[in-house]
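**Student:** Pasting a structure below so you can have a look.
The values are calculated or read from the model by the stated rules, or taken from the named source; none is laboratory data. All values derive from a computational prediction rather than experimental measurement. We place every Cβ from the backbone using ideal geometry, glycine too, and count neighbours over all the protein chains shown. When the accessible area is computed, the model is the full protein with side chains, heavy atoms only, and any ligands, DNA or RNA have been set aside. Shrake-Rupley method; radii C 1.70, N 1.55, O 1.52, S 1.80 Å.
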Amino acid sequence: DLATALNDRGQVRYLRVEFAAALEDYTAAIECQPGFEVPYYNRGLVLYRLGDFDEAMKDFRKVLELNPQFEDAALSLKQAILDKEEKQKRGY
C-alpha cells in the first residue's frame, strides 16, 4: 500500500543521509495511514538524530499509544529524554 511504500522510500533516503527527504516521506506515510506506527518511529529517529528531542519524543509516544508493545520506541523515548536532560544540563 501507499503508506508502506512511502515509509520504505523514507528508509532508503534515511540510509543515504537525506534526512529532509526522509522526513517528508515518513510524514506523507503518516498522513496516508495515521494508525501505522512504523513511520512515526522512523520519523522520530530522524528527528532524534537532528537533535530535535521534543518532536522525536512526540513521535515515540505516538508509536507507544498505537502499539504499547513496540520496545524499540520505548527505548528510543527513554534515550531522547536522557539526551534532552543532558543537553539542558550543559546549557545547549
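**Student:** Could you tell me how many of the residues in segment 53-68 are open to solvent by less than 70 Å² (accessible area, probe 1.4 Å) and farther than 18 Å from A22 by Cα?
**Tutor:** So the answer is 4.
**Student:** Does A5 satisfy the criteria of being among the hydrophobic types (A, V, I, L, M, F, W, C) and under 14 Å from the mean Cα position of the chain (by Cα)?
**Tutor:** Working: among the hydrophobic types (A, V, I, L, M, F, W, C): yes; under 14 Å from the mean Cα position of the chain (by Cα): no.
Considered against the rule, which asks whether it is among the hydrophobic types (A, V, I, L, M, F, W, C) and under 14 Å from the mean Cα position of the chain (by Cα), A5 comes out as no.
**Student:** Any chance segment 70-77 includes a residue that's touching a Gly at 6+ places or on another chain (Cβ under 7 Å), within 23 Å of A20 (Cβ to Cβ) and of a type outside the set (D, E)? Can you show your working first?
**Tutor:** First, the residues of segment 70-77 that are touching a Gly at 6+ places or on another chain (Cβ under 7 Å): 76.
Cutting the leftovers down to within 23 Å of A20 (Cβ to Cβ) gives us 76.
Going one step further and asking which of them are of a type outside the set (D, E), we end up with 76.
Yes, that holds for at least one residue.
**Student:** Of all the residues that make up segment 39-52, how many are open to solvent by 30 Å² or more (accessible area, probe 1.4 Å) and either in a helix (DSSP H, G or I) or touching a helix residue (DSSP H, G or I) at 6+ places or on another chain (Cβ under 8 Å) (or both)? Outline the logic, then answer.
**Tutor:** In the first step, residues of segment 39-52 are kept if they are open to solvent by 30 Å² or more (accessible area, probe 1.4 Å); the result is 41, 43, 45, 48-50, 52.
Then drop every residue that is not either in a helix (DSSP H, G or I) or touching a helix residue (DSSP H, G or I) at 6+ places or on another chain (Cβ under 8 Å) (or both), which leaves 41, 43, 45, 48-50.
So the answer is 6.
**Student:** Find the residue count for segment 14-29, including only residues that are assigned to a helix (DSSP H, G or I) and open to solvent by 60 Å² or more (accessible area, probe 1.4 Å). Lay out the reasoning, then the answer.
**Tutor:** Going through segment 14-29, the residues assigned to a helix (DSSP H, G or I) turn out to be 14-15, 19-29.
With the extra rule that they be open to solvent by 60 Å² or more (accessible area, probe 1.4 Å), the set shrinks to 15, 20, 24.
Here the count works out to 3.
**Student:** Out of (1) over 12 Å from S76 (Cα atoms); (2) within 10 Å of the chain's Cα centre (by Cα), the odd one out for G44 is which?
**Tutor:** Going through (1) over 12 Å from S76 (Cα atoms); (2) within 10 Å of the chain's Cα centre (by Cα) one by one, G44 breaks only (1).
**Student:** Can you tell me how many residues in segment 78-90 are without any contact (Cβ under 8 Å) to a residue 24 or more places away in the chain, under 17 Å from V46 (Cα atoms) and open to solvent by less than 80 Å² (accessible area, probe 1.4 Å)?
**Tutor:** Residues that pass the stated criteria total 0.
**Student:** Got a number for residues in segment 61-76 being part of a helix (DSSP H, G or I) and closer than 11 Å to V38 by Cβ? Please lay out each step first, then the result.
**Tutor:** Kept after step one, since they are part of a helix (DSSP H, G or I), are these residues of segment 61-76: 61-66, 71-76.
Now restrict to residues that are closer than 11 Å to V38 by Cβ: 63, 66, 72-73.
Looking only at that region, the number is 4.
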